[in-house]
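The values are calculated or read from the model by the stated rules, or taken from the named source; none is laboratory data. On a predicted model such as this, the values are computed, not experimentally measured, just so you know. Please note: Cβ atoms are built from the backbone with ideal geometry, for glycine as well, and neighbour counts cover all protein chains shown.
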Amino acid sequence: MRIRIIGAGRVGAPLGAWFMSKGHHVKFVETNTALLEQVLTGTLPWEEPYLNETLQDEVEEFHITDDEPCDWTFISVGTPVIDGKPLLRNVENIVRELEPETNVVLRSTVAPGTCDTLAKKFNRVIWHAPERLLLGRGLDELDELPQIIGATEPASLINTNEFMRAFGRCFPKFVPGTAVEAECAKVANNIMRYIEFAAGTELSELFEVVGANNRVVRGMMTNGYKRGRISFPSFVGSYCLDKDWQMLSHVTKTTPKLASAAADYNLNLPKRLLNSIPLNGQRVVVLGLTYKPGLDDCRESPSLTIISELLKYGNVDIRVHDPLVDVEAHLMEYFGGPMEGLSTITGDLQAEVRKADVVVLATAHDDYCHTLEFKDEATIIDPSGNLASNSNFIWEA
Ligand SMILES: NC(=O)c1ccc[n+]([C@@H]2O[C@H](COP(=O)([O-])OP(=O)(O)OC[C@H]3O[C@@H](n4cnc5c(N)ncnc54)[C@H](O)[C@@H]3O)[C@@H](O)[C@H]2O)c1
């Protein structure tokens with residue numbers, strides 16, 4: 001088949017590479033020409049196992065550049081939410097321009113009802129097959145994850161059959177329904193995770209308030225007991241988690257109580273922990289800038305919230321380290337230039353950590369865990385408990 005992928009980012013690039021590896025012809029359409037060049041040469045700057053190798057192996061034979069119609073078009077562009085409102089103009093403009101012969105699949109996360117609106121506006125069927133991959137496991141998960149598939153009314157079941165027939169040899173399993181059901185399922189997956197993260201962290205904090213070690217309690221809750229689930233406490237961030245509940249909130253014109261409370265809790269955790277210790281005039285090392293260990297993605301990273309909070313003090317010496325990204329470049333981009341009191345650690349990390357009054361483990365990259373030595377009586381903020389086993393959220397070295 002001829003498959004067009006519009007938006008060759010973290011979702012579109014693995015999807016296109018994977019379709020090529022299954023023998024389909026793929027046309028990447030990407031407005032960022034530098035990124036497109038990296039996709040076509042298998043030199044993407046981010047870490048995704050086998051992605052660059054797969055692109056290098058497949059592009060020559062399976063990438064197409066002609067202007068002939070494509071059988072299927074997957075749209076995988078960003079779908080941001082600004083001030084609580086999903087921005088859809090980009091997706092709309094893309095659908096408007098597509099040839100009538102192509103089947104349109106929206107892969108991006110969208111607010112429930114979006115596909116029906118687009119279908120009505122452009123008088124065509126829209127499929128929704130939302131991406132649910134975990135960054136850093138993109139290609140593996142395309143082989144493993146069941147694909148939610150919804151189509152716009154009328155006759156959505158017949159339409160989903162058409163999608164399943166076309167891609168039956170690629171995906172392991174389909175879970176069909178209407179487009180709006182698929183949209184709900186995708187955002188709900190993320191909303192549940194967001195609430196579970198908040199609940200796990202909040203309960204762990206409360207265990208400590210009553211004098212229990214949160215790690216021991218969590219072990220007691222879960223060890224050999226199937227119904228004893230609890231998330232690990234941690235700072236929470238990511239490109240998707242805070243926007244998906246806002247999409248549902250926008251279209252239902254309600255504020256979902258649990259999701260908004262989870263957002264409030266997750267987003268304010270850095271501020272609350274920092275406010276609980278003396279910081280004026282202190283030297284603080286922030287470990288990790290990415291939103292998740294082992295990944296090089298800084299979008300919506302809690303580390304940026306931590307640094308922003310520390311900057312508000314005006315007299316804190318903030319030093320930031322991350323083994324996976326160009327910290328200086330990211331900070332310059334995020335803050336729009338150099339900030340007084342904020343610097344990057346590029347040299348001896350251990351020496352910097354030993355001089356710090358406060359160390360914040362923002363991202364539990366392997367490089368940090370169980371190897372660092374601290375100054376006597378330094379304050380360590382470590383909700384995920386990776387710098388010392390059996391510790392509480394905040395402890396003294
Ligand atoms: N990153 C994830 O882990 C993840 C997981 C599941 C779902 N999603 C969803 O998938 C969608 C894409 O996310 P992403 O992380 O790949 O974003 P991304 O920013 O990495 O990639 C989107 C790409 O689309 C390109 N683009 C934008 N408008 C375009 C246009 N008109 N024509 C061609 N290219 C265009 C951008 O230049 C960008 O490279 C979002 O809706 C996101 O919420 C992401």
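Out of V320, V359, V327, report the one residue that is farther than 22 Å from S238 by Cβ, surrounded by 20 or more Cβ atoms within 10 Å (Cβ to Cβ) and touching a residue at least 24 places away in the same chain (Cβ under 8 Å). Spell out how you get there, then give the answer.
Working: V320 fails: farther than 22 Å from S238 by Cβ; V327 fails: farther than 22 Å from S238 by Cβ.
Going through V320, V359, V327 in turn, the sole match is V359.
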Condition first: touching a residue at least 12 places away in the same chain (Cβ under 8 Å) and in contact with a strand residue (DSSP E or B) (Cβ under 8 Å, 6 or more places away or on another chain). Can you find one or more residues in the stretch 43-55 that meet it?
no
Among the residues of the stretch 149-167, write down those that are surrounded by fewer than 19 Cβ atoms within 10 Å (Cβ to Cβ) and either in contact (Cβ under 8 Å) with a residue 24 or more places away in the chain or in contact with a Phe, Trp or Tyr (Cβ under 8 Å, 6 or more places away or on another chain) (or both).
E153, E162, M164, A166
Which of the residues that make up the stretch 172-196 are hydrophobic (A, V, I, L, M, F, W, C) and touching a helix residue (DSSP H, G or I) at 6+ places or on another chain (Cβ under 7 Å)?
F174, A179, V180, V187, I191, I195
Scanning the stretch 97-111 for residues that are within 14 Å of the ligand (Cβ to nearest atom) and either assigned to a loop (DSSP other than H, G, I, E, B) or under 23 Å from the mean Cα position of the chain (by Cα) (or both) gives L98, V105, L106, R107, S108, T109, V110, A111
Please tell me if E131 is crowded, with 18+ Cβ neighbours inside 10 Å, within 14 Å of the ligand (Cβ to nearest atom), among the acidic types (D, E) and assigned by TED's automatic domain parsing to the domain that holds W46.
yes
Which numbered condition in (1) in contact with a His (Cβ under 8 Å, 6 or more places away or on another chain); (2) of a type outside the set (S, T, Y); (3) buried (at least 17 other Cβ atoms within 10 Å of the Cβ) is the only one that D116 fails?
(1)
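I'd like to check which helices (runs of 4 or more DSSP H) are fully inside the stretch 150-259 and have at least 3 residues that are of a type in the set (D, E) and under 27 Å from the mean Cα position of the chain (by Cα). Give the steps one after another, and end with the answer.
Working: elements: 156-167, 179-209, 214-222, 241-252.
Filter on the stretch 150-259 gives 179-209.
Kindly check whether there is at least one residue in the stretch 212-223 that is among the hydroxyl-bearing types (S, T, Y) and surrounded by fewer than 20 Cβ atoms within 10 Å (Cβ to Cβ).
Of all residues in the stretch 212-223, those among the hydroxyl-bearing types (S, T, Y) come to 222.
Right, trim to surrounded by fewer than 20 Cβ atoms within 10 Å (Cβ to Cβ) and you get 222.
Yes: the stretch 212-223 contains one or more residues that are among the hydroxyl-bearing types (S, T, Y) and surrounded by fewer than 20 Cβ atoms within 10 Å (Cβ to Cβ).
Output the residue which, of all residues in the stretch 66-77 that are part of a loop (DSSP other than H, G, I, E, B) and modelled with pLDDT of 95 or more, is surrounded by the fewest Cβ atoms within 10 Å (Cβ to Cβ).
Kept after step one, since they are part of a loop (DSSP other than H, G, I, E, B), are these residues of the stretch 66-77: 66-71, 76-77.
Adding the requirement that they be modelled with pLDDT of 95 or more leaves 70-71, 76-77.
On the way: C70: 22, D71: 14, S76: 24, V77: 21.
Filtering first and then ranking leaves D71.
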For D382, only one of the following conditions fails: (1) at pLDDT below 95; (2) surrounded by 16 or more Cβ atoms within 10 Å (Cβ to Cβ); (3) closer than 28 Å to P45 by Cα; (4) not hydroxyl-bearing (S, T, Y). What is its number?
(3)
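For every residue, the table says whether it meets (1) closer than 20 Å to V251 by Cβ; (2) out of contact with any Gly (no Cβ under 8 Å at 6 or more places or on another chain); (3) away from the ligand (no atom under 16 Å from the Cβ); (4) at pLDDT below 95.
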site	(1), (2), (3), (4)
D116	yes, yes, yes, no
K121	yes, yes, yes, no
I126	yes, yes, no, no
E141	no, yes, no, yes
I149	no, no, no, no
M164	no, yes, yes, yes
Do we find that D367 is surrounded by 15 or more Cβ atoms within 10 Å (Cβ to Cβ) and closer than 20 Å to L304 by Cβ in this structure?
yes
When you scan the stretch 83-93, do you find a residue that is surrounded by fewer than 21 Cβ atoms within 10 Å (Cβ to Cβ), without any contact (Cβ under 8 Å) to a residue 60 or more places away in the chain and over 28 Å from E300 (Cβ atoms), even just one?
no
